[in-house]
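Inspection log for the structure reproduced underneath, given as structure tokens.
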Amino acid sequence: MEFSEYFPVWDSMTPQQQQAISDGLVSRSVKKGTILHSGSTDCTGLLLIKSGQLRAFILSREGREVTLYRLFDRDICLFSASCIMRSIQFDVAISAEKDTQLWVIPSDIYQQIMEQSACVANYTNEIMASRFSEVMWLMEQVMWNSMDKRVAAFLLEEASIEGADRLHITHETIANHLGTHREVITRMLRYLQNEGMVRLSRGTVELADRAKLETLSQA
């Protein structure tokens, strides 16, 4: 499929604007684990995912990660073009969680078109509002929910993404998503296992009782 089929406001742009994006567009294939953007000093450009999965996260001064949100097929990442969003005061990193195919729209081209096109500007603002809502939801989770609830919610979300109850994921990876230490996650997972909600083995976590996990995550 062509870029135009993935970009919702393509038909609302002028032929000149469409040509400008087409001329600057870069197609990339990246492997799982690739860092695509590493903070406010790195203006990569806007990323539109053709297939795969990306992760947006922040890094604390102590080197601890916390996931802000995930990006999937047809999603567009704006934080990778932080140079066109001067009001963003925190560094967001973007990495590939799976092998991913994507397009990169150069920041200067997109910014110029956004200034010319109300439709593109509105589309961009809608995405920003959606991402802000996701970050606010995360803040609520961190501030008000205990770690056992957050782990249960994460495992349910991960099972939904992967379409399987057996997750090939390490304690360290879960800790990076939730912004805590691996030892905390190990303790929480052992508690969930003792309660019959999960089964643990090396490098895997299997959901044993979804109903219990859902009850815990919503308590």
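Selection of first residues in segment 187-207 that are under 15 Å from Met147 (Cα atoms) and of second residues that are of a type in the set (Val, Ile, Thr) and in a strand (DSSP E or B), restricted to Cβ pairs under 7 Å at least 6 apart or on distinct chains, gives the following pairs, ordered by first then second residue: Leu189/Val198; Leu189/Val205; Leu192/Val198.
A residue that is more than 17 Å from the chain's Cα centre (by Cα) and among the small types (Gly, Ala, Ser) occurs somewhere in segment 180-200. Considering segment 201-219, and only residues there that are of a type in the set (D, E, K, R) and not in a helix (DSSP H, G or I), the residue that is nearest to the chain's Cα centre (by Cα) turns out to be Glu206.
Somewhere in segment 57-68, is a residue buried (at least 19 other Cβ atoms within 10 Å of the Cβ) and part of a loop (DSSP other than H, G, I, E, B)? Taking every residue of segment 57-68 in turn, none turns out to be buried (at least 19 other Cβ atoms within 10 Å of the Cβ) and part of a loop (DSSP other than H, G, I, E, B).
Out of everything in segment 98-113 that is buried (at least 19 other Cβ atoms within 10 Å of the Cβ) and not β-branched (Val, Ile, Thr), what residue ends up being modelled with the lowest pLDDT?
The qualifying residue modelled with the lowest pLDDT is Ser107.
On the basis of being acidic (Asp, Glu), under 23 Å from Phe57 (Cβ atoms) and out of contact with any Phe, Trp or Tyr (no Cβ under 7 Å at 6 or more places or on another chain), does Glu195 make the cut? Judged against the criteria, Glu195 is not a match. Name the residues in segment 30-47 that are touching a Leu at 6+ places or on another chain (Cβ under 8 Å) and either surrounded by fewer than 19 Cβ atoms within 10 Å (Cβ to Cβ) or part of a loop (DSSP other than H, G, I, E, B) (or both), would you? The answer is Val30, Thr44.
Listed by first and then second residue, the pairs linking a residue in segment 1-12 that is in contact (Cβ under 8 Å) with a residue 24 or more places away in the chain and within 19 Å of Leu78 (Cα to Cα) to a residue that is part of a helix (DSSP H, G or I) and not aromatic (Phe, Trp, Tyr), with Cβ atoms under 6 Å apart and 6 or more places separating them unless they lie on different chains, are Val9/Cys119; Val9/Val120.
Among what's in segment 69-83 and is surrounded by fewer than 17 Cβ atoms within 10 Å (Cβ to Cβ) and under 12 Å from the mean Cα position of the chain (by Cα), pick the residue that is nearest to Thr34 (Cα to Cα). So the residue we want is Phe72. Against the numbered list (1) assigned to a helix (DSSP H, G or I); (2) in contact (Cβ under 8 Å) with a residue 12 or more places away in the chain, Ile169 comes up short only at (1).
Residue selection: Arg150 satisfies the criterion of being basic (Lys, Arg) and under 22 Å from Glu62 (Cα atoms). Screening the candidates Val135, Val142 for the property of being more than 15 Å from the chain's Cα centre (by Cα), surrounded by fewer than 19 Cβ atoms within 10 Å (Cβ to Cβ) and hydrophobic (A, V, I, L, M, F, W, C) yields one hit, Val142.
Got at least one residue in segment 201-213 being closer than 17 Å to Gln141 by Cβ and not small (Gly, Ala, Ser)? Yes, there is a match, as at least one residue in segment 201-213 is closer than 17 Å to Gln141 by Cβ and not small (Gly, Ala, Ser).
The values are calculated or read from the model by the stated rules, or taken from the named source; none is laboratory data. Everything numeric here is computed off the predicted structure, so don't read it as measured data. Backbone-built Cβ (ideal geometry, glycine too); neighbour counts: all protein chains shown.
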